[in-house]
Amino acid sequence: MTHQPPNPVMARTLAGYLEKAAALEAAVHALFPSHSPQRREFHNILARYRETWRSLAENRNLILPALAFIGERRSGKTTLIRQLGPTLSTTTASRIQWIGPEKPGALHPAVEEYHRVEAEDMADLGRPCLLIDTPPIESISAASGNADAFHHLFTATRFKIVCLDWEKIESSPWQQTLANYRGSIVLPVIRLDPESTRHHPGNLPDLLETWSRDHLPDLQAHLPGIQIDEPLFLPHLDAMGDRQAALATVRSALTQRLRAFLDAHQATSPDRLAELESSWAAFIDAIRPLARTFDTPLLTERYRELESAIDAIPRHIIDHLLADQRRIRALIRMDLRSTLMERVPAAAFPFRTLTGLLCLTTGLWDRLILGATGSIPSALLTVAGAARSRTEEIQAEKSHRTSMDASLRTLVRNHLAAPWQGFTAALDKADAPATTEAPKTHEATESISEFHIHGTEELAALWKTAQADAIRPAATRGATLITLASLLGTLLFWLLFAGPLAQTYGQYLPASLRSLTGAWTPENLATYPSPGAGFWFTAVILSLIPSFLIALILVALRLGGRRISQCEKRLHTRMHDHHRQGRLHLRIQPTDPRADAYRQLSRLNRGETSQPARELRS
């Protein structure tokens, strides 16, 4: 047997059901003891339905309705199929012929063939369909090697079109074949004999009455679990005279009857997705009583309290992060400092160097100057405060680069301690009647020891984005002022420092030129100044004072407390907006599997379990 690639929709649907069923099985294992009757009953139900799902999904992976034409030799099956589709030149009486726009899976190459025919090239039955021409029923046997193929065919196709002669309605071969396939829907297509054709040209009421009175009760008794539809009576072609006109009559009658047949059984048509959906719903209904045996009002109440506490975690995390004012202000100050240094031109030496130093010691120089005008203790307190601010910045930078898991884990444990202990106690109480074992007890430290916090990386990225948005207005304003201050500070320094340079080199350069031309005399450097280290130090300091004051004012304006407070307020607003808009995707998951198990069973009790087939349809 050659296995064809499975239909992707059926494969995904089956995988979805098996995955959800495995999750429910894990939930039952977590809540019910291994020897409990509930657990054994669940396993029995799951095994039964799991086999049903696989059977439905793997039965040739058919999505379209399939009509299997079956009957004894020379019953007219192939003739009827030819009236519904193009004539096939490769048909073989001993092989199963699949005809239509969908290829079945798992074909038996020795006894099956597939002929692709588009839906528009077939008779209009109201929907695309597959037609199946089968060998005579009497030829089915293990010796001929086609018994397995027929079994798969009859299992996969619910609709059977039984072709038989009027005098062979009670024939046993087709009844024996169909008796093993409960759930089938049979449409008898009865070919009248020549005499009946001449006397009853059409589906006359007396034929239907004879069928209902003499044949239908016996067939229903011999074929339990099989629905037998109202038959279609067709004339014998040899008794019609004009064969082409007879075929046209047969084609019209057959098309109309099959369309009505499919319309009548639309709800029970072999739509595998619909059948899987129905089977899943039946499975949920079967296991829901088991879930209810574990659920108690106390446990439901404690779980709702735990859910409410977990739902409130994101808001508490936001409040916790925003409450650390020192860290927030340190982070904002670092970002403002970085944007300021980016806007100071690199050629503005030494103004850029002074600005960088003042940024690193922000909160020191301006306060130190003001503090020193009051008293020495005030100046010392200012130095201590600035050193503390710098330490906070370093610590804030480190904590921003590292994970938030440690601090958030402590917050989550403290916030969930009480509701988690109440929930685990209710779980132990609900578990106690189902087992003779002593109920499990949990120490307070153990019951809240582990929670998986998912989404911390997204939280850090969201914080970074909100901080950048909060700082952007303050960082972008005053770009022209920064450029002008940089140019002014640089110009003043070099203007003031030009005097000592000119004084020093004013006599030295002419004397050097005279020495090169041979006109130099010792008297040329008699009055040349001899500046020492003190001279140059004084000259540099005096020249830097105006630039230092300009840089000091610029840094105080750009990194002032008012500007940082404005950025902090905007950061609070951004983070609360993100939380209200649902962008904070934090998920708290206890490591105790019983919590997730109870969540699944409680959702099942509330009817919230999703259906994969319906999801895949959308």
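The values are calculated or read from the model by the stated rules, or taken from the named source; none is laboratory data. Everything quoted here is computed from the prediction, not taken from an experiment. Note: ideal-geometry Cβ built from the backbone for every residue, glycine included; neighbour counts use all protein chains shown. For accessibility, only protein heavy atoms count, side chains too; no ligands or nucleic acids. Shrake-Rupley method; radii C 1.70, N 1.55, O 1.52, S 1.80 Å.
Structure notes:
- Two numbers describe the Cα atoms of the range 298-349: Rg and Dmax, which are 21.8, 74 Å.
- In a fully extended conformation the segment linking ALA502 and GLU307 would gain 62.2 nm over its present Cα-Cα distance, using 0.36 nm per residue.
- Protein-only accessible surface order, largest first, of TRP98, TRP536 at 1.4 Å: TRP536, TRP98
- Cα-Cα over 29 Å, subset of LYS20/LYS464; LYS20/LYS429; LYS103/LYS168: LYS20/LYS464; LYS103/LYS168
- Once you divide the Cα radius of gyration of the range 273-363 by 2.2 N^0.38 Å, the number left is 2.44.
- Neighbourhood charge, 12 Å Cβ-Cβ cut-off, centred on VAL186 and excluding it, Lys, Arg +1 and Asp, Glu -1: +1
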